[in-house]
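A.B. asks: I'd like to ask you about the structure that follows.
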Amino acid sequence: NGEVAKALLDGFEGNYLQCDGYSAYPYAVRGTPVTLLGCFDHARRKFREAEDALSEKAKKTGKVPKCTEALSMINTLYRLERQMNDQKLNDEQRTAFRQQHAVPQLKILHEWLQDNVSKVPPRSLTGKAILYTLNQWSKLIVYCEHGQLNISNIMAENAIRPYVIGRKAFLFCNTPKGAKACATFY
C-alpha cells in the first residue's frame with residue numbers, strides 16, 4: 001500500500017524522485033512538492049523483452065514488428081542523450097537541447113503509442129509494453145524539464161546491483177564466521 005516507500009522517503013527534500021512504475025511511489029509523495037520522474041530504461045526493457053520473444057517466423061516476415069519500431073524511437077532519445085554528453089553541455093544547454101530535439105521525438109513516440117495501443121493484443125508482451133509506457137508517460141517526459149535530470153535511473157540501479165545479487169549469496173552465510181566475512185566484504 002506504499003507505507004514502506006512513504007516511510008523511506010520521510011524527510012526527503014528533493015524536487016524530483018526518479019523511479020520505476022511501482023504504484024507505491026505516487027502514494028509516497030502525495031501531498032509533497034516532489035515530482036515523480038520516470039525511467040525510460042524500464043519502458044525500453046519491456047519492448048526489448050517483446051522483441052526477444054518474437055518467433056523466428058515473425059522475424060522473417062519482412063515486416064518490422066511494432067516492438068522494434070518502438071525500440072527504434074526510444075533509442076533515438078538515448079542517442080540524443082549521448083550527443084549531449086559528448087558535447088559536454090551544461091544544465092541550461094541540456095534543457096534547451098532536449099526541448100529542441102527530444103520533445104519532438106517524444107511527441108512522435110506518444111502519437112505512435114496511442115495509434116498502436118488498440119492494434120496489438122493487450123496481453124501480448126508488446127501490448128503490455130505499450131500500456132506500461134502510456135501509463136507512465138507523464139512521468140517519463142519529466143526529464144525534459146531540467147538539464148540535471150536523467151532519462152533513466154540505470155546508474156542508481158547499477159550501483160545497488162551488487163547488494164541485490166549479494167542478497168542471494170547471503171543465503172549461504174550459514175555460520176557466524178561466514179556472515180561476518182560477508183559483512184566485512186560489503
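The values are calculated or read from the model by the stated rules, or taken from the named source; none is laboratory data. Keep in mind that this is a model prediction, so the values were computed, not measured. Cβ atoms come from the backbone with ideal geometry, glycine included; neighbour counts cover every protein chain shown. Heads up: the accessible areas ignore ligands, DNA and RNA and are worked out on the full protein's heavy atoms, side chains in. Shrake-Rupley method; radii C 1.70, N 1.55, O 1.52, S 1.80 Å.
A.B. asks: Determine which member of the set 92, 49, 81, 69 is acidic (Asp, Glu) and more than 22 Å from the chain's Cα centre (by Cα). Let's see the steps before the verdict.
C.D. replies: Numbers: 49 fails: more than 22 Å from the chain's Cα centre (by Cα); 81 fails: more than 22 Å from the chain's Cα centre (by Cα); 69 fails: more than 22 Å from the chain's Cα centre (by Cα).
The match here is 92.
A.B. asks: Here's a follow-up. Can you pull out the residues in the stretch 98-129 that are over 19 Å from the mean Cα position of the chain (by Cα) and in contact (Cβ under 8 Å) with a residue 24 or more places away in the chain?
C.D. replies: Answer for the stretch 98-129, where residues must be over 19 Å from the mean Cα position of the chain (by Cα) and in contact (Cβ under 8 Å) with a residue 24 or more places away in the chain: 99, 116, 119, 120, 124.
A.B. asks: For residues that are touching a strand residue (DSSP E or B) at 6+ places or on another chain (Cβ under 7 Å) and surrounded by fewer than 20 Cβ atoms within 10 Å (Cβ to Cβ), tally how many sit in the stretch 18-28.
C.D. replies: We begin by selecting, within the stretch 18-28, every residue touching a strand residue (DSSP E or B) at 6+ places or on another chain (Cβ under 7 Å); these are 18-19, 25-26.
Retained after the next criterion (residues that are surrounded by fewer than 20 Cβ atoms within 10 Å (Cβ to Cβ)): 26.
Number satisfying all stated conditions: 1.
A.B. asks: Here's something else I'd like to know. Which residues, taken from the stretch 30-65, are more than 21 Å from residue 133 (Cβ to Cβ), at pLDDT 80 or above and surrounded by 10 or more Cβ atoms within 10 Å (Cβ to Cβ)?
C.D. replies: Matches in the stretch 30-65: 30, 32, 34.
A.B. asks: Is it fair to say residue 184 is modelled with pLDDT under 95, open to solvent by 80 Å² or more (accessible area, probe 1.4 Å) and more than 25 Å from residue 77 (Cα to Cα)? Can you show your working first?
C.D. replies: Values: modelled with pLDDT under 95: yes; open to solvent by 80 Å² or more (accessible area, probe 1.4 Å): yes; more than 25 Å from residue 77 (Cα to Cα): yes.
So residue 184 passes the test.
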